Amino acid sequence: MNEAYYRFVPREFLEELGKKDISQIELGDQDQREMTILFTDIRGFTELSEDLSPKDTFDFINQYLGIMEPIITNNNGFIDKYIGDSIMALFSKDADDALIATLEMRRVLIDFNEIRESEGKSPIEFGTGIHTGNLMLGIVGGYGRMDGTVVSDSVNLASRLEGITKHY
């Protein structure tokens, strides 16, 4: 059962909270620490999805996220959450891990786009925001529905940095 839960709540998230398994999680569990936060977002996703059926949009997102996830994991990060076509990942060891992951994601995107273009589809692009700072990592929500997340000005800044890549 724990293995199934780890697909929804990353093992690394539990480890950061000092928990051995999901059954130990309680609403309000939290820990303050310094981490690197990485946000990515596909540019023009709304317009892209308008030309796709809901199923094709869903399949596209899963294909894209499926190739990006291992890159984050292989660089000592873990995905905190998917927000539609966006990824929010955390890196606790070294900020350079987030930078290396982003560079690898860019390299993989080139191959991904070559396949898309060979299928007559337009290439995609993504923006990235990375910031290192203090944050609170923990469990929020209510007793009927909880979620692990991170909150702080550092998280907000990483998100804003990603947002301005639409213009710069």
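The values are calculated or read from the model by the stated rules, or taken from the named source; none is laboratory data. Since the structure is predicted, the reported quantities are computational estimates derived from the model, not experimental observations. Positions of Cβ are backbone-derived with ideal geometry, glycine not excepted, and every protein chain shown enters the neighbour counts. In case anyone asks, the SASA skips ligands and DNA or RNA and just uses the protein heavy atoms, side chains included. Shrake-Rupley method; radii C 1.70, N 1.55, O 1.52, S 1.80 Å.
Data table
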item: Val155 in contact (Cβ under 8 Å) with a residue 40 or more places away in the chain and of a type in the set (Val, Ile, Thr); result: yes
item: Some residue of region 133-154 being assigned to a helix (DSSP H, G or I) and crowded, with 16+ Cβ neighbours inside 10 Å; result: yes
item: Criterion (over 17 Å from Phe126 (Cα atoms) and in contact with a Phe, Trp or Tyr (Cβ under 6 Å, 6 or more places away or on another chain)) met by exactly one of Glu50, Glu26, Glu12, Glu34; result: Glu12
item: Among the residues listed as Lys55, Lys81, the single one being of a type in the set (Lys, Arg) and touching a residue at least 40 places away in the same chain (Cβ under 8 Å); result: Lys81
item: Hits in region 68-113 - residues which are closer than 14 Å to Ile124 by Cβ, acidic (Asp, Glu) and surrounded by 13 or more Cβ atoms within 10 Å (Cβ to Cβ); result: Asp85
item: Residues of region 1-53 that turn out to be closer than 30 Å to Leu109 by Cβ, open to solvent by 100 Å² or more (accessible area, probe 1.4 Å) and more than 15 Å from the chain's Cα centre (by Cα), as a count; result: 5
item: Tally of residues being of a type in the set (A, V, I, L, M), outside any loop (DSSP other than H, G, I, E, B) and in contact (Cβ under 8 Å) with a residue 40 or more places away in the chain across region 84-131; result: 10
item: Any hit, region 54-67, residues being open to solvent by 20 Å² or more (accessible area, probe 1.4 Å) and in a loop (DSSP other than H, G, I, E, B); result: no
